[in-house]
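The values are calculated or read from the model by the stated rules, or taken from the named source; none is laboratory data. As the structure is a prediction and not an experimental result, all values here were calculated from the model. For neighbour counting, all protein chains shown are included, and Cβ atoms are generated from backbone atoms with ideal geometry for every residue, glycine included.
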């Protein structure tokens, strides 16, 4: 070994490194202030808390996970319940809107179908009118045995003609409503749609006589019904 050369130390030697920032912060472990900082920094590094505004670090307070820290240092309530309530409200609102839209679309489709039907349906069609009336008897609790009485009754009144008008009284339509605009309660197209007239006429018979057979019996006795 050359004279004057420094003696080598045995084993590996690591050069000293400057202390890290975390080490510098936690260096004052022997003081109360350093201990509080150490607690806050370690907790934050482990992901236990979110330290806001330095309040928790200066007091050594650890906020439980899942909560937020308000400006005054107190723990706020979890927000999950409020968020869930808002989400449920939004879902119910969307469901209500959707149902209303479906109902509106169904009504529009029904109106369009009715308009198309009227384009092809003759105004005066005794055969078609009788066929329709036959399908409606069950709605009033009547069997098909009442159909012949109904045919006879309205043959006497109008021959099942939609535009039939009594020149002396002004009675109108298949059922000879007096005045004719009574049938507007069954539909605005009461002047030209035999279905609307039949719906009104069957309701009238049901309310006043109970059945077409009873109405026909009264008609034979009085000449009207």
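Screening residue 113 against (1) at pLDDT 95 or above; (2) loosely packed, with under 15 Cβ neighbours inside 10 Å leaves a single unmet condition, (1).
If only one of 86, 182 is out of contact with any strand residue (DSSP E or B) (no Cβ under 6 Å at 6 or more places or on another chain), modelled with pLDDT under 95 and over 22 Å from residue 213 (Cα atoms), which one is it?
Working: 182 fails: modelled with pLDDT under 95.
Checking each option against the conditions leaves just 86.
Taking (1) part of a loop (DSSP other than H, G, I, E, B); (2) surrounded by 14 or more Cβ atoms within 10 Å (Cβ to Cβ) in turn, residue 170 satisfies each apart from (2).
With respect to residue 201, determine if the residue is under 42 Å from the mean Cα position of the chain (by Cα) and surrounded by fewer than 16 Cβ atoms within 10 Å (Cβ to Cβ). So residue 201 does not fit the description; no. For the range 173-186, filtering for residues that are within 16 Å of residue 111 (Cα to Cα) and in a helix (DSSP H, G or I) leaves 0.
Hey, does the range 187-195 have a residue that's at pLDDT 95 or above and assigned to a helix (DSSP H, G or I)? Spell out how you get there, then give the answer.
As a first pass, look at the range 187-195 and keep what is at pLDDT 95 or above: 187-195.
Then drop every residue that is not assigned to a helix (DSSP H, G or I), which leaves 194-195.
Within the range 187-195, one or more residues are at pLDDT 95 or above and assigned to a helix (DSSP H, G or I).
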